[in-house]
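Colleague: Structure below; questions to follow.
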Amino acid sequence: MAKIGFITNCLTGSFAEKVKVAHRLGYTTLEVACWPVGHPKQCDIDADHYGSQDLLSIKKLLNHEQITIHTLAFYENMLHPDRQQQQHNLQHLKRVIALAGDLKVPYVGTYIGKNPNVSLADNFEEYARVFSDIVAFAAKKDVTVLIENCPMPTWDPEGYPATISYTPEMWQRMFELVPNQNYGLNFDPSHLAWMGIDYIQAAKDFSNRIYSVHVKDITTKQNDIGRYGIYGKKIDQTHKYDFGYYQPTLAGYGDLNWEKLFSVLSKKGFEGPVQVEYKNSNGYGSIDDPERGLQLSLAYLKEILAIKE
């Protein structure tokens, strides 16, 4: 059975406290938030400042709590239109990759992003230059770089896709330009589902590039795609996540057929990890306690993954 973990920035507290929560709830692995210190998306391990004693302490903690780390997470725009910000993002990404190598963590998750001021062709040209270098650097550290396929509409002032990696069409171009085997997908089917893309077929077509799965669901209950379309509400948003036609939810409470998805992936040889991307809605209300949401998600995933054994 694939190892089941969660992305650590759904919790507050120290990294040690989060590892202990994971152990207590019954998780076996983690995807650890590694944004720079002070970033709102959290820094559970500081990739910019660490030494041999820090690495030893982390390894002792993980061993004591019987938890592994499969992925270090730094999801930002690597094609940012501001060159200074782009270089900052790329530099930090390399430091996260170096940290992964030192901790013997196999994966680093990130986004590609987009420069909205230039054409798609120019974006892919810049992408090929940037990610050929990043992936080659990762290979030297024995690390695989994973791209999460969220279109990041919250990065765009009008809510349109702000990455060049959100459809199977784009994945094909991605892997044509950067074909290295230490490069793949941190597959999130929920984003494909709300865009009307067949996520089961996508999993079949790109199974050889799916190294990890992000687990969160979506529901269209109490929403209106007929009014807002797949690009979402534009005029009367109450907050930037008020899309108007879908909302994220816990796996098993939404519209996705996880059992079928994991059946397809297991037949293609997928062995994990599976990482819960916790959201506080269950489709019918809110679960404000993330530990409760993680507990429900783990129980559901254990049930459906056990069927595949």
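Colleague: Quickly run through the stretch 109-127 and pick out the residues that are touching a residue at least 40 places away in the same chain (Cβ under 8 Å) and closer than 28 Å to G272 by Cβ. So that I can check it myself, show each step before the final result.
Modeller: As a first pass, look at the stretch 109-127 and keep what is touching a residue at least 40 places away in the same chain (Cβ under 8 Å): 109, 111-114, 116, 120, 123-124, 126-127.
Result: G109, Y111, I112, G113, Y127.
Colleague: Something else about it: Which of the residues spanning the stretch 221-238 are open to solvent by less than 90 Å² (accessible area, probe 1.4 Å) and among the polar types (S, T, N, Q)?
Modeller: N223, Q237
Colleague: To continue, here is another question. In the stretch 221-239, what residues are modelled with pLDDT under 85 and of a type in the set (K, R)?
Modeller: K221
Colleague: For the stretch 208-220, how many residues meet the condition of being at pLDDT 95 or above and either within 20 Å of Y300 (Cα to Cα) or open to solvent by 30 Å² or more (accessible area, probe 1.4 Å) (or both)? Talk me through it step by step, then tell me what you get.
Modeller: The initial filter retains those residues of the stretch 208-220 that are at pLDDT 95 or above, namely 208-215.
When the remaining residues are screened for being either within 20 Å of Y300 (Cα to Cα) or open to solvent by 30 Å² or more (accessible area, probe 1.4 Å) (or both), the result is 208, 211-215.
Matching residues across the stretch 208-220 total 6.
Colleague: If a residue has to be without any contact (Cβ under 8 Å) to a residue 60 or more places away in the chain, closer than 17 Å to S212 by Cβ and either among the charged types (D, E, K, R) or in a helix (DSSP H, G or I) (or both) to count, how many in the stretch 9-29 make the cut? Steps first, answer last, please.
Modeller: Initial filter on the stretch 9-29 (without any contact (Cβ under 8 Å) to a residue 60 or more places away in the chain): 12-20, 22-24, 28.
Still in the list and also closer than 17 Å to S212 by Cβ: 22, 28.
Now narrow it down to the ones that are either among the charged types (D, E, K, R) or in a helix (DSSP H, G or I) (or both): 22.
Within the stretch 9-29, residues that are without any contact (Cβ under 8 Å) to a residue 60 or more places away in the chain, closer than 17 Å to S212 by Cβ and either among the charged types (D, E, K, R) or in a helix (DSSP H, G or I) (or both) number 1.
Colleague: Take the stretch 202-231 and flag every residue that is touching a residue at least 12 places away in the same chain (Cβ under 8 Å) and in a helix (DSSP H, G or I).
Modeller: Of everything in the stretch 202-231, those that are touching a residue at least 12 places away in the same chain (Cβ under 8 Å) and in a helix (DSSP H, G or I) turn out to be A202, A203, K204, D205, S207, N208, R209, I225, R227, Y228.
Colleague: Only one residue in N149, N89, N182 is under 20 Å from the mean Cα position of the chain (by Cα) and under 21 Å from L256 (Cβ atoms), so which one is that? Talk me through it step by step, then tell me what you get.
Modeller: Details: N89 fails: under 21 Å from L256 (Cβ atoms); N182 fails: under 21 Å from L256 (Cβ atoms).
Within the list N149, N89, N182, the selection yields N149.
Here is a yes/no grid of residues against (1) of a type in the set (S, T, Y); (2) modelled with pLDDT of 95 or more:
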residue: D133; (1), (2): no, yes
residue: A136; (1), (2): no, yes
residue: N149; (1), (2): no, yes
residue: T167; (1), (2): yes, yes
residue: M195; (1), (2): no, no
residue: I200; (1), (2): no, yes
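Colleague: What about V32, is it touching a Lys or Arg at 6+ places or on another chain (Cβ under 9 Å), aliphatic (A, V, I, L, M) and in contact (Cβ under 8 Å) with a residue 12 or more places away in the chain? Spell out the reasoning first.
Modeller: On the way: touching a Lys or Arg at 6+ places or on another chain (Cβ under 9 Å): yes; aliphatic (A, V, I, L, M): yes; in contact (Cβ under 8 Å) with a residue 12 or more places away in the chain: yes.
Judged against the criteria, V32 is a match.
Colleague: Among the residues of the stretch 68-103, count how many are open to solvent by 10 Å² or more (accessible area, probe 1.4 Å), outside any helix (DSSP H, G or I) and not polar (S, T, N, Q).
Modeller: 7
Colleague: Could you list, in sequence order, the residues of the stretch 113-148 that are open to solvent by 10 Å² or more (accessible area, probe 1.4 Å), part of a helix (DSSP H, G or I) and not basic (K, R)?
Modeller: Keep residues of the stretch 113-148 that are open to solvent by 10 Å² or more (accessible area, probe 1.4 Å), which gives 114-122, 124-126, 128-129, 132-133, 136-137, 139-142, 144.
Of the ones still in play, those that are also part of a helix (DSSP H, G or I) are 120-122, 124-126, 128-129, 132-133, 136-137, 139-140.
Within the stretch 113-148, L120, A121, D122, F124, E125, E126, A128, S132, D133, A136, F137, A139 meet the criteria.
The values are calculated or read from the model by the stated rules, or taken from the named source; none is laboratory data. Given the structure is predicted, the values throughout are model-derived calculations rather than measurements. Positions of Cβ are backbone-derived with ideal geometry, glycine not excepted, and every protein chain shown enters the neighbour counts. The protein model used for the area step is the full one, side chains on, heavy atoms only, and it has no ligands, DNA or RNA in it. Shrake-Rupley method; radii C 1.70, N 1.55, O 1.52, S 1.80 Å.
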